[in-house]
Structure formats: C-alpha cells, structure tokens
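A.B. asks: Take a look at the following structure, please.
The values are calculated or read from the model by the stated rules, or taken from the named source; none is laboratory data. Note that this is a predicted model, so its numbers are computed, not measured. Counting neighbours? That spans all protein chains shown, and the Cβs are built from the backbone with ideal geometry, glycine included. Note: areas computed on protein heavy atoms with side chains; ligands, DNA, RNA excluded. Shrake-Rupley method; radii C 1.70, N 1.55, O 1.52, S 1.80 Å.
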Amino acid sequence: MSDAPALHVLVVAAGRGVRAGPGGPKQYRALGGRTVLRRTLEALAEGAPSARLQVVIHADDRALYDAAVAGLDLPDPVVGGAERQDSVRRGLEALEGAEGDVVMIHDAARPFVSRALLARIEAALEAHEAVCPGLPVTDTVRRREPDGAAGETLDRDALSRAQTPQAFRLGPILAAHRAAEGREMTDDVAVAQAAGLRVALVEGEAANVKLTTAEDFQAAARRIGGTEAMEYRSGSGFDVHAFGVGDAAVLCGVEVPHGRGLKGHSDADVGMHALTDAIFGALAEGDIGRWFPPSEPAWKGAASRVFLEKAVERVAARGGRLVNADVTLICERPKIGPHAEAMRARLAEVLGIDPGRVSVKATTTERLGFAGREEGIAALASCSVALPEDGA
C-alpha cells in the first residue's frame with residue numbers, strides 16, 4: 001500500500017438512522033463505550049494509516065460530532081445535504097484540489113471494516129477505474145409480485161451484496177456526482193456506472209456489516225461483548241388514570257373504542273406511562289414526572305410515545321440496550337385481547353426492539369376496587385435493560 005497514490009477516505013455520517021429506532025442518529029450511539037462513528041474512524045485509521053479521513057455530517061450534529069471525535073486528528077467536517085448523494089458530492093468537492101487522487105467512500109455505520117479489506121480494495125483500484133466490495137448471495141432470491149405473491153427465482157450466482165468502502169479516482173467520481181445531481185441513485189457505484197465508469201467487484205467481508213436496525217446494534221454489542229462486560233437491570237412501573245369524557249382510550253399507543261376516554265394532562269396512555277417509569281427506574285433516573293412535569297403546559301395533550309422515546313433515548317445514551325418489556329393492563333372494559341397484538345407492535349416500534357421481546361396482556365380485579373367499578377384503568381410494567389458495567 002505504500003506505493004499507492006495518496007488516499008482519501010470520505011466517511012458519510014449525515015444520515016438520521018431512523019430504522020435503528022429511537023435514540024438519536026445511529027452513528028453517534030454508544031457501542032461498547034464508544035460511538036459508532038469513532039469506532040469506524042479508528043478502524044479506518046488503523047487499517048489505512050496513511051489515508052486522509054474526511055467526515056461529512058448533518059448540520060444539526062456538530063456538537064455530537066465534536067464529542068465523538070475528541071482527541072482525533074481530523075480536518076473540520078463537511079456539512080452534508082438533504083440526501084446521501086448530496087452529502088457525498090459536497091464531501092468530494094471539499095477534497096477537490098487536495099493532494100491525492102484516490103478516494104474511498106465509506107458508511108459511518110460500518111465500524112468493523114478491516115485492514116485486509118481496505119488493502120484488497122486499494123490494490124484492485126490500481127488496475128480498475130472503480131472498485132466495490134461485495135458478498136455472494138447464498139439464499140434463494142425471488143421477485144416479489146405487486147400483490148405480494150412470490151415471483152420468478154433470480155440467478156443468485158449473478159448477484160452480489162454491495163458494501164462500502166467503494167473506491168474511485170477522485171476526478172471522475174466527482175464529475176459523475178455532479179452529473180447525477182437531482183437523480184436519485186442507490187449508491188456511489190450506481191452514480192459511477194451512470195457516468196460510464198466500469199466498476200470491478202472484489203471480495204467483501206461478512207463482518208463488515210452496516211448497522212441499520214436495533215437488532216443490528218444488539219448483534220454488534222454481542223460481537224464486542226468479550227471486551228466489555230454488561231450488567232442487567234430490571235425496572236417496574238405503575239400508573240392509574242380515571243375515565244372521563246370521550247369515546248376512546250389510548251392504550252399502549254393504540255386508540256381503543258370505548259364509551260369513555262381517560263383523563264390526564266397528556267393523552268393519558270396508562271400503559272406507556274407505566275412502561276416509561278419502568279425504564280427510568282431501571283436506569284435509576286427518576287420517573288416520568290421528573291422528566292415531563294404535568295405542571296408544564298408543553299405536555300398538555302402530548303402523545304405518550306414522546307415520553308417513552310425519551311426513556312429509550314436515555315438507555316442508548318448510557319451505552320445500553322433494552323432487552324424486553326412487559327405491560328399488564330388492569331380493567332374490566334374495554335376488552336384488551338382484540339387489540340393486544342397491535343399494542344405489542346406499536347410498543348416494539350417505539351422501543352426499537354423486536355415484537356417478540358414485548359408482551360401486552362390484561363387482567364381484571366374480579367369487579368373489586370376502582371377498576372372493578374370501571375372508574376378507571378391501571379397498568380403494571382416491567383423491563384430489563386443491559387448496561388455497560390461502568391455505566392452506573
């Protein structure tokens with residue numbers, strides 16, 4: 001690699017990462033005590049020590065970026081655009097005129113890129129206009145018809161799963177991005193091919209995964225688990241709301257038709273309130289009233305998912321992950337059973353975990369007490385949270 005042209009690595013970190021669930025942009029989430037972005041940059045610096053790293057960030061993320069890269073010797077970040085293509089183009093334009101004509105473009109959310117892969121890509125670029133690492137497709141692949149039916153089987157031997165970094169000569173790929181402005185394309189290889197560049201495939205690495213979903217983060221945490229011990233904490237929550245005027249009750253994020261609604265400063269979602277308290281309890285960070293005082297007008301009529309999202313965000317900020325959640329609704333009516341699956345799905349969406357880790361069930365008090373008299377609804381919730389042992 002020492003005889004190769006001077007190398008730039010453009011790290012694209014301007015995305016929002018919404019598929020990873022609540023907790024802020026995924027590139028700034030903690031993974032084993034370090035942010036994903038820092039892990040990616042350190043892996044690149046180790047794997048290609050002569051490379052010049054340039055990061056592209058979202059305009060709103062400068063404080064997060066500064067905290068993530070503290071102590072690293074990097075140039076000022078480039079502010080990206082509305083779409084990934086815009087961000088890459090701006091990053092390439094920032095490199096225009098700099099010494100070196102080779103650039104690798106890499107996703108910030110791929111923190112496990114290896115020295116061997118970087119060397120393989122750089123070596124291939126000496127003989128090709130552009131290079132993309134890829135993995136073979138091992139599963140049977142079929143088209144999906146518009147009606148959801150299985151369509152024709154595709155030849156998997158002719159298919160490849162693209163990864164990054166994708167490598168190019170700086171001048172041609174910048175020209176290609178400028179020519180593609182306003183045309184949506186899937187990745188930088190597609191931009192290059194639209195400009196007539198031939199892209200060579202090299203062998204990728206299964207370990208070079210892109211962290212996209214909450215499950216990806218959990219798998220990554222397990223992967224590095226040998227270097228960091230986790231402790232498991234449990235939390236519990238309880239909440240009650242009285243019935244009032246209305247024709248539906250919001251329970252675990254689902255509007256359930258009923259002759260009355262629930263009274264409260266927010267939308268009075270007793271299930272989400274109890275679960276929010278359970279998560280805050282596992283973190284030892286107070287309760288829902290501390291974070292969202294009912295005396296503040298801002299929370300009047302607020303959707304309770306806002307409260308639950310904050311609790312999940314706090315788990316991520318501590319470098320942890322939510323393991324499971326269990327909610328029990330206590331009432332005579334409305335009947336919860338017909339809506340339980342929808343409630344599980346809604347909670348899983350907000351929590352950023354698989355629905356198989358979420359339980360929603362109901363019970364009655366055999367006509368005893370306020371719930372038995374149908375004066376209101378109560379909820380019990382519990383959860384488990386995994387935190388780094390030094391994350392007290």
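A.B. asks: At 7 Å along Cα-to-Cβ for each site, give me the label-to-label distance between Arg183 and Val141 in nm.
C.D. replies: Simple spin-label model gives 2.2 nm for this pair.
A.B. asks: Leaving out ligands, DNA and RNA, what percent of the accessible area of the stretch 137-252 is carbon and sulfur, probe 1.4 Å?
C.D. replies: The nonpolar share, carbon plus sulfur, comes to 48 percent.
A.B. asks: Please list, ordered by chain and number, the residues whose modelled amide H lies under 5 Å from the amide H of Glu255; skip anything fewer than 5 residues away on the same chain.
C.D. replies: For Glu255, no residues qualify.
A.B. asks: Take Glu332, project a point 7 Å from its Cα along the Cβ direction, then tell me which residues of the stretch 359-378 have their backbone nitrogen under 13 Å from it.
C.D. replies: Counting only backbone N, you get 364-377.
A.B. asks: Just the accessible area for Asp139, please: 1.4 Å probe, Å², rounded to the nearest 10?
C.D. replies: Around 110 Å² of this residue is reachable by solvent.
A.B. asks: Further question: Using a 1.4 angstrom probe, figure out how much accessible area the chain has per residue, in square angstrom, rounded to the nearest whole.
C.D. replies: Value returned for the chain: 47 Å² of accessible area per residue.
A.B. asks: What net charge do the residues around Val79 carry, taking every other residue with its C-beta under 10 Å from that of Val79, with Lys and Arg at +1 and Asp and Glu at -1?
C.D. replies: Combined, the nearby Lys, Arg, Asp and Glu give -1.
A.B. asks: Right, another one. Scan (1) 93, 46, 36; (2) 81, 52, 39; (3) 62, 48, 38 for the value of Cα extents along the principal axes in Å calculated from this model and give just the label.
C.D. replies: Read-out from the structure maps to (2).
A.B. asks: Which percent of the accessible heavy-atom area of the stretch 314-392 goes to carbon and sulfur, probe 1.4 angstrom?
C.D. replies: Of the solvent-accessible surface of the stretch 314-392, carbon and sulfur hold 50 percent.
A.B. asks: Suppose we keep just the DSSP beta bridges with both residues in the chain; what percent of those would be antiparallel, to 5?
C.D. replies: So the antiparallel bridges amount to about 65 percent of the total.
A.B. asks: Another question, if that's okay. With each run of n ≥ 4 DSSP H residues scored as -39500 (n - 2.57), what mean residue ellipticity at 222 nm is computed for the chain after dividing by its residue count and rounding to the nearest 500 deg cm²/dmol?
C.D. replies: So the calculated ellipticity at 222 nm is -8500 deg cm²/dmol.
A.B. asks: Could I ask something else about it? Please find the FRET efficiency linking Phe238 to Asp60, where r is the Cβ-Cβ separation and R0 is fixed at 45 Å, and quote it to the nearest 0.05.
C.D. replies: Once rounded, the FRET efficiency stands at 0.75.
A.B. asks: Note the angle between two axes, namely the Cα long axis of helix 214-223 and the longest principal axis of the Cα atoms of the chain, as a number of degrees from 0 to 90, rounded to the nearest 10.
C.D. replies: 70
A.B. asks: For Leu159 and Asp101, what is the calculated FRET efficiency with R₀ set at 30 Å and r taken between the beta-carbons, to the nearest 0.05?
C.D. replies: Here the calculated transfer efficiency is 0.45.
A.B. asks: Express in whole angstrom the spacing between the alpha-carbon centres of the stretch 297-335 and the stretch 45-88.
C.D. replies: 33
A.B. asks: Which of the lysines could a cross-linker span from Lys310 if the Cα-Cα distance has to be under 20 Å and same-chain partners fewer than 8 positions apart are dropped?
C.D. replies: Of all the lysines, those that pass the test against Lys310 - Cα under 20 Å, at least 8 places apart if same chain - are Lys26, Lys300.
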